[in-house]
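Let me begin by presenting the structure, written as structure tokens, before commenting on it.
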Number of protein chains: 2
Amino acid sequence: MRIRYYNAKILTMKTLDITAGELWTEDDKISYVGEGKPSDKPFDREIDICGNLLMPSFKNCHTHSAMVFLRSLADDLPLQDWLFNQVFPREAKLNGRRVYWFTRAAILEYLTSGVTAAFDMYFYPDDYAAACIDSGFRSVMCGGVCGDDKAEDLEDRFVKFNKLHPLIGYRLGMHSEYLSPIELIRDVSALAKKYSAPVFMHNSETKKEVDECFGRYGVSPTALFDREGIFDYGGGGFHCVWFDDRDFEIFRKRKLWAVTNPASNLKLSSGVAPVCRFLEENIGVSIGTDGAASNNCLDMFREMFLVTALQKLQTGDASACPADEVLKMATVNGAYTMGLDNCDTLETGKQADIIEIDLSQPNMRPQHNTVKNIVYSGCKSNVKMTVCAGRILYRNGEFFVGEPQEKIYENAETEVRMLLTE
Amino acid sequence: MRIRYYNAKILTMKTLDITAGELWTEDDKISYVGEGKPSDKPFDREIDICGNLLMPSFKNCHTHSAMVFLRSLADDLPLQDWLFNQVFPREAKLNGRRVYWFTRAAILEYLTSGVTAAFDMYFYPDDYAAACIDSGFRSVMCGGVCGDDKAEDLEDRFVKFNKLHPLIGYRLGMHSEYLSPIELIRDVSALAKKYSAPVFMHNSETKKEVDECFGRYGVSPTALFDREGIFDYGGGGFHCVWFDDRDFEIFRKRKLWAVTNPASNLKLSSGVAPVCRFLEENIGVSIGTDGAASNNCLDMFREMFLVTALQKLQTGDASACPADEVLKMATVNGAYTMGLDNCDTLETGKQADIIEIDLSQPNMRPQHNTVKNIVYSGCKSNVKMTVCAGRILYRNGEFFVGEPQEKIYENAETEVRMLLTE
């Protein structure tokens, strides 16, 4: 399948320059980006971009996709009540079929926000992977072992899902220090060594979590993981709100990724991640929405604005954390965090993970600075098209994900009703 | 003109219950809200709402609409540099024609976010009012006298604009304590008494502003205004970030409105308004976007999420500032702040200022709690229709504002280019 997108503005994210031109795709890859030239082969489809912007899609670097079933079911509650009385008892009623349909619903929402890849930690990985593959959506799954889980199961999944399908990847991971016993942490560390693989987990999301880790081990979660060899081959953490000097040093030395989740951190009153300090220390930052039970929407535009706005608040400096950096976090850095080194920029040979931003809408005008417009006034209503691995999955409000939107919702909502009445 | 909107869910905001039914309008007013009944007169138009939600439109309670011309022109700069080197020199080049076209562009953006009324403080009021009237958009203008301005001019405008057109109102106001000399403050106070009228102004936006007022007068801006009789007939303040106990007491006793502007306060690193304390003290809170130079978008959904999320952060309590309260602030309270007592709820006889929220989109599903969905996961892409004074101004992405969207932008952008090259 050869598609020509012409009459476009193009932001490759290799640089932040915007040029006029066209972009071609062949199957899942970009085959040309430039001013335009004659083609020696015919196109299957030619699409007029009407002067709008083509840019790399967003990469959602921390989420629990299937949690959309809990959206707005339990908000405005204290954290402990929310987690133990609302979330956990309902999650106990999940099954593979439910995770499949809830994930398919979440993917629709990702596509409206220009997201083509999610770094997802949740239950029922086979069903999750099937939902992504059936939708044409890319995902890197993150292991979330905890409690009595066995490292062998993590290894089985790591091996299985990394060879399952071109759209699916898997990274070693555990839930967190507070839910993962030290023996499990050591077993995961052994896997990291065996496969020279990076490891990810929830890390220092709340002050309580860090204080309790100091109580248990005498060090922070980051220092504990480092001491146990978890980070010997890289990786990173989700949230990374409560960091001390030593944690920054470990992240910098080990080249770890700090994945920030500002909306979730606000809504659960966890705090504000020290993003400016990460930037100063040359620690890579990427962005995630977290799950819809704690956010409550899967919208990278809201996250991007919050990343910079909260830094401006926290540092007292309106020039802190400029828009250019934030757009890199949401695109290029997100790809690298997940190990998707071929989904970062718009260049020949790269994966065709592309969005079209409608520049004609009121919030994108005037066009003094397109990057700043996207970060400071952008909104998912500006996402006119979302392309993943060369396939147009969303365009002009319509989905092309193998099943009609209504069928996906009918199935998902039937499962929600059943789950809530069991 | 009689319009029937049927097959709707209806949130009147008189209560937070959502019922199924229909809503009729006759010219600028709502003529019926209920389950449906036979009509003795024919309708000019009948619109199937397809199970979506009709609710009162949003009221933007603090803005400088024409500032859209500065969007993304000067971000990521320290506040003083931004204001004195970027904003003021460019505002000096405004004229009536420019304010007219920039305001018309801003109104398009308001409509996409479900806003039908703006409480606007800016220059060239005749041209601003003309832009609103020509668009069919409601506005209450707020006086912004400062420096050498004369109170007589404020009085002339107050009298003139309050009888100009049903869509236009005018409230007494001054820019702020720091830009308005004490003689002017006293003259405005005399006008408040003469007309038994409320007065509004920027108030306690930054700590510097409050500290300097204490230096000049020995009291806070709020206490100064109160001492000078400015609040004898009510009113309120924009921003209201840096309040002390006495300020809260004055706002409570005088029944003043605290208009919060969270995105602007973050982006200019001004702080977080004490919204929970306002609620505890039964002080009325409404919401504004501020101008597009400091926000940068005119989007009430972003503001609503920030209002509650920042309170959850600041109080350390995830149950703080619940969604119900926030939705009231953005609708009913907004109308009352501007004195639009007839634009608050969906009831027979009220002004037909109505929006349709698309409940079929991914971020609105499942429908566990529609109010929480709107506040926590809502987005302007959910605004399917915006009706002001009975006229459909926006529906399915199309504008009906007397001029084609492209002509408005062509004129606005020509004026921006001329202004920047002069």
(Q) Here is a check on your reading of the model: is B:Leu54 in a helix (DSSP H, G or I), touching a strand residue (DSSP E or B) at 6+ places or on another chain (Cβ under 8 Å) and at pLDDT 95 or above? (A) no
Q: Test B:Ile283 against the criterion of being away from every other protein chain (no Cβ under 13 Å), in contact (Cβ under 8 Å) with a residue 24 or more places away in the chain, within 20 Å of A:Leu73 (Cα to Cα) and over 16 Å from the mean Cα position of the chain (by Cα), and give yes or no.
A: no
Q) Which condition does A:Glu212 not pass, out of (1) of a type in the set (Asp, Glu); (2) part of a loop (DSSP other than H, G, I, E, B); (3) out of contact with any helix residue (DSSP H, G or I) (no Cβ under 9 Å at 6 or more places or on another chain), if it passes all the others? A) (2)
Q.
Being among the basic types (Lys, Arg), modelled with pLDDT of 95 or more and surrounded by 22 or more Cβ atoms within 10 Å (Cβ to Cβ): is that true of B:Lys372 here?
A. yes
Q. Going through region A:16-29 one residue at a time, which ones are outside any strand (DSSP E or B) and either touching a helix residue (DSSP H, G or I) at 6+ places or on another chain (Cβ under 8 Å) or β-branched (Val, Ile, Thr) (or both)?
A. A:Leu16
Q: Restricting attention to region A:378-419, report how many residues are surrounded by 14 or more Cβ atoms within 10 Å (Cβ to Cβ), over 13 Å from A:Ala105 (Cα atoms) and either in contact with a helix residue (DSSP H, G or I) (Cβ under 9 Å, 6 or more places away or on another chain) or of a type in the set (Gly, Ala, Ser) (or both).
A: 14
Q) Taking the condition crowded, with 23+ Cβ neighbours inside 10 Å, under 23 Å from A:Leu54 (Cα atoms) and of a type in the set (A, V, I, L, M), does A:Leu310 pass? A) no
Q: Would you be able to say whether some residue in region A:190-200 is surrounded by fewer than 21 Cβ atoms within 10 Å (Cβ to Cβ), outside any helix (DSSP H, G or I), at positive phi and assigned by TED's automatic domain parsing to the domain that holds A:Asp127?
A: yes
Q | Top-ranked residue of region B:80-93 - restricted to ones that are hydrophobic (A, V, I, L, M, F, W, C) and out of contact with any helix residue (DSSP H, G or I) (no Cβ under 7 Å at 6 or more places or on another chain), ranked as surrounded by the most Cβ atoms within 10 Å (Cβ to Cβ) | A | B:Trp82
Q: Would you mention how many residues in region A:30-49 are in contact with an Asp or Glu (Cβ under 9 Å, 6 or more places away or on another chain), in a loop (DSSP other than H, G, I, E, B) and of a type in the set (A, V, I, L, M, F, W, C)?
A: 1
Q: Look through B:Glu91, B:Glu109 and report the one residue that is among the acidic types (Asp, Glu) and within 12 Å of another protein chain (Cβ to nearest Cβ).
A: B:Glu109
Q: Filter region A:1-15 down to the residues that are aliphatic (A, V, I, L, M) and in a strand (DSSP E or B), then identify the one that is nearest to A:Asp358 (Cα to Cα).
A: A:Ala8
Q. Name the helices (runs of 4 or more DSSP H) wholly within region B:68-174 that hold at least 2 residues that are of a type in the set (Lys, Arg)?
A. B:96-112, B:151-161
**Q.** One residue from A:Asp28, A:Asp40 being of a type outside the set (Val, Ile, Thr), more than 30 Å from B:Met364 (Cβ to Cβ) and touching a residue at least 40 places away in the same chain (Cβ under 8 Å)
**A.** A:Asp28
Q | Any chance A:Lys253 is free of Cβ contacts under 8 Å to residues at least 24 places away in the same chain and either hydroxyl-bearing (Ser, Thr, Tyr) or more than 14 Å from chain B (Cβ to nearest Cβ) (or both) | A | yes
Q: Please verify whether region A:230-237 includes one or more residues that are within 14 Å of another protein chain (Cβ to nearest Cβ), under 20 Å from the mean Cα position of the chain (by Cα) and closer than 29 Å to A:Phe69 by Cβ.
A: no
Q) Given A:Phe102, A:Phe58, A:Phe123, A:Phe119, which one is within 12 Å of chain B (Cβ to nearest Cβ), in contact (Cβ under 8 Å) with a residue 40 or more places away in the chain and of a type in the set (Phe, Trp, Tyr)? A) A:Phe102
Q. Does A:Leu184 satisfy the criteria of being assigned by TED's automatic domain parsing to the domain that holds A:Lys160, in a loop (DSSP other than H, G, I, E, B), of a type outside the set (Asp, Glu) and without any contact (Cβ under 8 Å) to a residue 40 or more places away in the chain?
A. no
Q. Within region B:147-161, can one find any residue that is in the same structural domain as B:Ala131 (by TED's automatic domain parsing) and either at pLDDT below 95 or within 23 Å of B:Thr260 (Cα to Cα) (or both)?
A. no
(Q) at pLDDT below 95 and of a type in the set (Asp, Glu): is that true of A:Asp317 in this structure? (A) yes
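The values are calculated or read from the model by the stated rules, or taken from the named source; none is laboratory data. Everything numeric here is computed off the predicted structure, so don't read it as measured data. A quick note on method: Cβ atoms are made from the backbone with ideal geometry, for glycine too, and the neighbour counts reach across all protein chains shown.
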